[in-house]
2 protein chains.
Amino acid sequence: MRVGIDAMGGDAPAQARVDGALAARDLLAEGDRIVLVGNSERLQPLLEASDPAWPETIDLRHASEEVGMQEPPVEALRSKPDSSMSVLTRMQRDGELDASISAGSTGAFVAASQMYLRRLRGVHRPGIAILTPTFHGPVAMCDVGANVNCRPSHLHQYALMSSLYIQMIAGIDSPRVGLLSVGEEEGKGNELTKRTLELLKCDPRVNFIGNVEGRDVFGGTCDVMVCDGFVGNVVLKLMEGMVQSVAMGLLEMLKAAMPAQEQTVQGAARSIISRYDFNDYGGAPLLGVNGIVIICHGASDNRGIKNAVRVALDLGKRQINEKIISMLSQE
Amino acid sequence: MRVGIDAMGGDAPAQARVDGALAARDLLAEGDRIVLVGNSERLQPLLEASDPAWPETIDLRHASEEVGMQEPPVEALRSKPDSSMSVLTRMQRDGELDASISAGSTGAFVAASQMYLRRLRGVHRPGIAILTPTFHGPVAMCDVGANVNCRPSHLHQYALMSSLYIQMIAGIDSPRVGLLSVGEEEGKGNELTKRTLELLKCDPRVNFIGNVEGRDVFGGTCDVMVCDGFVGNVVLKLMEGMVQSVAMGLLEMLKAAMPAQEQTVQGAARSIISRYDFNDYGGAPLLGVNGIVIICHGASDNRGIKNAVRVALDLGKRQINEKIISMLSQE
């Protein structure tokens with residue numbers, strides 16, 4: 001597989017993506033290749049400094065422009081046809097790449113992927129599936145931001161696609177699917193979830209356990225949680241803010257209570273925060289587009305990028321998209 | 001003021017509400033009175049055991065039925081006209097009470113309040129406003145579950161009503177109002193939030209700071225966060241589950257790392273969990289109904305009930321409903 005990485009997009013400096021690309025070489029099998037896409041004048045010195053022999057193992061593709069993190073996605077893609085993100089996804093469209101990875105603007109990457117790669121046959125709307133680490137194992141949540149105006153049929157497909165995804169990535173057979181709502185009873189929810197529930201209940205391809213609530217993310221009750229992209233994105237960002245807030249609050253208290261143990265306490269706080277560290281999971285696939293597309297957190301470091309390559313290789317070699325098409329054609 | 005408490009509803013035993021009612025007598029001024037509503041045969045022995053002189057300070061009103069926590073709200077209210085919840089809200093409608101408090105089924109309590117008390121003049125839909133404790137001070141989030149199919153005008157009114165609420169309860173002048181969405185930029189969001197943003201931007205009565213994200217709950221960026229009841233309820237339950245999960249995880253790690261300090265560590269974990277303890281805040285007002293209605297967490301203990309009485313007295317004496325009517329009439 002040839003895995004392309006957008007070297008420009010992200011909140012971290014380009015060095016993070018360069019180091020991630022170099023580190024990810026460990027993951028490659030015979031015939032696999034990493035391609036860095038971005039401003040070659042800026043990237044060459046970084047590569048040179050890290051590994052002078054880089055041209056033997058990494059391909060560099062020049063792209064003169066770059067989409068900013070805060071730019072309106074569609075306008076940015078239109079006005080910057082030579083942005084690293086557009087070049088990346090066009091290379092994949094043209095068969096030069098088998099997977100694309102970016103830590104740049106999520107909105108722009110989703111738009112570029114849909115624009116150049118199009119949807120898989122039978123898919124209504126692509127959705128981002130993120131793995132949330134919990135003490136009971138990972139939970140795949142989909143969608144977390146690709147589609148903020150969902151229909152029941154979209155959520156239904158998220159259930160199917162995410163089930164395949166977590167099966168492949170975490171080895172969970174017959175993953176339990178919950179529909180995120182405001183109460184477990186069937187009558188609870190809004191119009192969207194009530195109508196989605198009817199679809200999921202009747203589909204033998206989904207191991208549907210019914211409505212679940214916000215607290216169930218951490219309760220070990222389900223392996224897949226389906227929600228619309230607005231709710232999923234709010235939840236995702238809330239979790240990020242909350243882990244920091246709770247762990248840091250506890251840290252302050254303990255440091256005051258036992259100053260001599262500051263090191264141990266700090267280590268534990270760091271460790272708990274890292275359990276929820278997105279870098280360990282390495283990016284979330286955009287399920288339903290015609291190609292492997294991995295969206296990284298804007299602040300991804302080299303580990304985050306390397307792990308995104310791992311996910312891309314894994315999903316590509318296990319042929320997730322072929323399996324999605326085949327599953328959806330059974331309707 | 002006469003404050004009525006539903007003694008039957010809730011996940012905790014009735015003793016919790018009885019003890020809460022007895023404890024809340026400390027808060028009463030001359031002329032204030034607490035009324036417990038529920039099965040008097042079951043309640044009398046509990047009151048007797050705690051304070052044999054109870055009839056001098058507490059009124060007991062018999063109600064023969066009780067709405068279960070899992071019953072469909074409207075059906076339960078219809079089939080049980082003598083439920084403690086219905087009796088409570090009817091007493092308030094008839095002028096026998098100035099405030100109602102229940103830890104029973106939120107859906108049923110919201111339905112009973114709307115059925116018997118009706119809405120305040122000018123209010124489109126009542127909303128539940130909950131105070132979320134953070135390290136930067138409390139944030140009022142509205143709605144967290146009364147209204148799962150919101151319109152922009154509903155969210156607009158939640159911004160106005162919650163601003164008054166947090167001003168009264170936390171003394172915050174000109175509270176900063178954020179609209180919960182998936183990005184700070186104006187163009188981000190779903191149809192509901194985009195249209196709500198246009199309303200809030202143009203209203204000089206609201207100190208509107210624009211869109212906020214999930215992580216802003218803990219960031220100290222706003223004092224009021226407005227969202228539809230579906231999103232708010234998911235967020236609320238997620239926070240509950242997450243505090244437990246993060247704090248307990250950290251506790252386990254630290255107990256293993258320094259067994260000698262188990263006491264201190266456990267104390268800190270308990271303390272951090274209690275910072276997020278709903279019992280300290282004592283229930284959330286249902287803003288927009290024609291009366292003071294305080295919704296308690298199902299698991300409320302005696303502190304939770306006592307604090308709910310505090311909130312009821314505070315909002316009643318500061319005439320929140322008169323101020324809501326007056327503010328909405330300025331449109």
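DSSP finds beta bridges in the protein assembly as shown, and of those with both partners inside it, around 25 percent are antiparallel. In this assembly of identical copies, the label point of B:Gly95 (Cα plus 7 Å along Cα-to-Cβ) is separated from its counterparts by 8.5 nm, sorted shortest first.
Nearest 5 is fine: what % of DSSP beta bridges in segment A:31-167 come out antiparallel, could you say?
On the way: 4 of 10 bridges.
Percentage antiparallel, nearest 5: 40.
Look at the dipole of segment B:1-140 built from charges on Cβ: of B:His124, B:Val3, B:Ser105, the Cα furthest out on the positive end belongs to B:His124. In this Cβ point-charge picture (+1 for Lys and Arg, -1 for Asp and Glu), the protein assembly as shown has a dipole of about 940 debye about its Cα centre. Note that segment B:141-150 has calculated 3J(HN,Hα) couplings of 10, 8, 9, 10, x, 6, 9, 8, 10, 8 Hz, one per residue in order, obtained from phi through the Karplus relation 6.51 cos²θ - 1.76 cosθ + 1.60 (θ = phi - 60°); glycine and proline are x.
Amide H contacts of B:Ala146: B:Ile128, each under 5 Å away and 5 or more positions distant or on a separate chain (H built 1.01 Å from N in the peptide plane; Pro and chain starts excluded). Taking one quarter of the surface of the C-alpha convex hull of chain A gives a mean projected area of 18.1 nm². On a 30 Å Cα-Cα criterion, which of the cross-link pairs A:Lys201/A:Lys323; A:Lys194/A:Lys237; B:Lys188/B:Lys317 come out too long? Violating the 30 Å Cα-Cα cut-off are B:Lys188/B:Lys317. Taking only the C-alpha atoms of the protein assembly as shown, the Rg (one decimal) and the largest Cα-Cα distance, Dmax (whole number), read 27.0, 90 Å.
Just checking the listed ones, B:Gln92, B:Gln167, B:Gln266: in the Gaussian network model of chain B with Cα springs under 10 Å, the one fluctuating most is B:Gln266. Between A:Ser153, A:Ser181, A:Ser50, which gets the highest mean-square fluctuation from a Gaussian network model of chain A, Cα cutoff 10 Å? Evaluated over chain A, the most mobile residue of the options is A:Ser50.
At the nearest 100 Å², what buried accessible area, both sides summed, do you get for B and A when the probe is 1.4 Å? What B and A bury together is about 4500 Å². Here segment B:49-169 yields Rg over Rh of 1.02, to two decimals, using C-alpha coordinates and the Kirkwood radius.
The length gained by stretching the chain between B:Ser40 and B:Glu184 to full extension, at 0.36 nm per residue less their Cα-Cα distance, is 46.5 nm.
Extending 7 Å from Cα along the Cβ direction at B:Gln266 and again at B:Arg25 yields two label points whose distance is 3.4 nm. On a per residue basis, chain B carries 38 Å² of accessible surface, using protein heavy atoms and a 1.4 Å probe. Shown for B:His136: label points 7 Å from Cα along the beta-carbon vector, and their distances to the equivalent points in the other copies, 3.2 nm in ascending order.
The values are calculated or read from the model by the stated rules, or taken from the named source; none is laboratory data. This one's a predicted model, so the numbers in the text were calculated from it and none came from an experiment. Backbone-built Cβ (ideal geometry, glycine too); neighbour counts: all protein chains shown. Quick note on the areas: whole protein, heavy atoms, side chains included, nothing else; ligands and nucleic acids left out. Shrake-Rupley method; radii C 1.70, N 1.55, O 1.52, S 1.80 Å.
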